[in-house]
1. May I ask you to verify whether A262 is of a type outside the set (D, E) and crowded, with 19+ Cβ neighbours inside 10 Å?
2. Yes or no: the stretch 145-154 includes at least one residue that is within 28 Å of E250 (Cα to Cα), small (G, A, S) and in contact (Cβ under 8 Å) with a residue 24 or more places away in the chain.
3. Looking at the stretch 240-281 only, could you name the residues that are in contact (Cβ under 8 Å) with a residue 12 or more places away in the chain and charged (D, E, K, R)?
4. Can you tell me which of A158, A195, A167, A130 is surrounded by 21 or more Cβ atoms within 10 Å (Cβ to Cβ) and either without any contact (Cβ under 8 Å) to a residue 12 or more places away in the chain or in contact with a helix residue (DSSP H, G or I) (Cβ under 8 Å, 6 or more places away or on another chain) (or both)?
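Just so you know, all these numbers are worked out from the coordinates, no wet-lab data involved. From a predicted model like this one, the values you see are computed outputs, not experimental measurements. Cβ: placed from backbone, ideal geometry, glycine included. Neighbour counts: every protein chain shown.
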Amino acid sequence: MAAFLADCASALSDVAGGELTDAQRTFLAAGTAALRAARGGEWVQLGLEVAPGGLSALYPELAATAHELLDGGAAAEFFFMHKPPGLRVRFAPARGHGQFVRAEVRRHAERWRAAGLVRGVRSAVYEPEAHLFGGNESMPHVHRLFTVDSLTWLEHHATARETPAWALSLLMLRAVFDGLRVVGWEDRDVWGRVADSGRRTPPGSAPVEGPVTARLRGHWADPDALAAALPADVRALADRHAERVRPLCERWWAEYFGTERAVIGPREAACYHTIFHWNRAALSPGTQALIATALAGTDGHVR
């Protein structure tokens, strides 16, 4: 900030020129919020209070809106979260499309309210979880993964599928872990971190060891066998997800993890990605705890 103001003072004191840059004028006129809006980087966030029984019908509506804005180039990124009393929806407008995206998202939300899918719509400010993922420099990569993750889960939720969400989740997470170069025993460290985040079977519960745990570990160790046991449309969904996240993870490594500017490693990032991913999957707390504890080790810690 001090350097910025010094540059402004220097520009104004220059007797030959005495002019500020456009960016300097924008900042001084309206602050950082105006700068973000001018760049097209201001996220649009809506909180949707979902009507009873309306969630299953809202998923395909939200998916269609997301594809419309993303495929049309108006939005750069998108993701959603399950948050009481419904969904939290976020769009990152492309440069110059901020007002359009805000108006379109609001228009669709009001349409959903008129159709009885939602009972309330509330605007809010999105504050990125940069402290979890290693800082602002890491967040563009996080949001790209969140976009693919969200679109995949919306497609799954929008269709009446017999395949449980946890099975698709294991395939999706395996693709992300592989892309982040979490290999060998390192995945146990990720699962230990996930378990330590509050996703652990509680003390006094039934022992973790058993046929369910063995089955989960087998599925995680052999994703090809798991995929072969799933319906063709679910396999195709997982394959499309894997194809899209692979280059995103490579770019995250090249532009962040592989540089001296990184302040966290890929295992910590994989841990937090898993937590957000499971929210979108709508896995119950019990299912999350069972998976994390089973894959971390017999006591919930790295083996």
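1. Details: of a type outside the set (D, E): yes; crowded, with 19+ Cβ neighbours inside 10 Å: no.
So A262 fails the test.
2. Narrowing the stretch 145-154 to residues within 28 Å of E250 (Cα to Cα): 145-154.
If we keep only those that are small (G, A, S) as well, we get 150.
With the extra rule that they be in contact (Cβ under 8 Å) with a residue 24 or more places away in the chain, the set shrinks to 150.
Checking the stretch 145-154: at least one residue is within 28 Å of E250 (Cα to Cα), small (G, A, S) and in contact (Cβ under 8 Å) with a residue 24 or more places away in the chain.
3. Passing the criteria: R240, R244, R246, E250, R251, E255, R261, R267, E268, R280.
4. Details: A158 fails: surrounded by 21 or more Cβ atoms within 10 Å (Cβ to Cβ); A167 fails: surrounded by 21 or more Cβ atoms within 10 Å (Cβ to Cβ); A130 fails: surrounded by 21 or more Cβ atoms within 10 Å (Cβ to Cβ).
It is A195.
Residue-wise test of (1) in a helix (DSSP H, G or I); (2) under 21 Å from L283 (Cβ atoms).
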site	(1), (2)
G53	no, yes
P60	yes, yes
A63	yes, yes
V89	no, yes
E110	yes, no
R113	yes, no
G116	no, no
